[in-house]
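For reference, the structure is listed below as structure tokens.
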Amino acid sequence: MLKRPEIALGFLTATVFWIAVLGWATSYSPSQQEKNTCYQAAEKTGHGYEECKTFWERTTSDPIATFTLVLAISTIGLWVATLGLYIAGERHSERQLRAYITGPTSARISDFQTSQYPAVILTFKNSGQTPAQDVCVWTSSAVAVYPMENPPARPDGAAGEGSSVGTIGPHAEFHNQIQADIAVTAAERAEVIAGGAAFFVYGEISYRDSFGKSRTTTFCHFYAGPTARTSNGLLATYHKWNRAT
């Protein structure tokens, strides 16, 4: 996003002006008959022949005019290149300074073997240089077949509903504690340990950066295998649905 749009407008206006000038200057190209008539009139009146020449003939025959044309073209090229560099610099600055919330830096489960509704604490971090505003998190968690081919369904409710976190400063962490949406049965626990199923946590973070752009981060973690014999442990990152804009 351009911080100084008047600069871009100035470059654009100047470029259009010079293109219009060059276009106007080259638009008139007399025919051979018109040039012959002009030459004959110039001989009779004793005037020079410069007015009878085309724009390109006058330019190429006059070193000063040639230099002026080259200078005009070079100036337009310089303006265009400068504007391109300015826009690229703005984009680079935005990438460097924007808020950036990644997926959970840590996902820890507790009471998996002792509760039908195990709890999960998700830790997130704003790795950017500016605050993330209007941060909102929603999650979906349950036991499902492993590997899972389709992402879990979004929870019921309007878009944007969930745990409202507010504003997260640069390099700041925040935590989100959830419980299983559906009760985990003993049979499901056994299947999770056997590896045929897994306890999945899937969700999305939405926020607005300091440049006014809406951002989203999706994440998916799971708990399965022999480590699920213990009630407490870390969830692993699933190989799908972990994206950040």
For ARG98, distant residues with modelled amide H under 5 Å away
GLN129
The residues ILE101, ILE73, ILE205, sorted from fewest to most surrounding Cβ atoms within 10 Å, come out as ILE73, ILE101, ILE205
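Bear in mind that the values in this text are calculations on the coordinates, not laboratory data. Small disclaimer: the values here were computed from a predicted structure and weren't measured. Cβ: placed from backbone, ideal geometry, glycine included. Neighbour counts: every protein chain shown.
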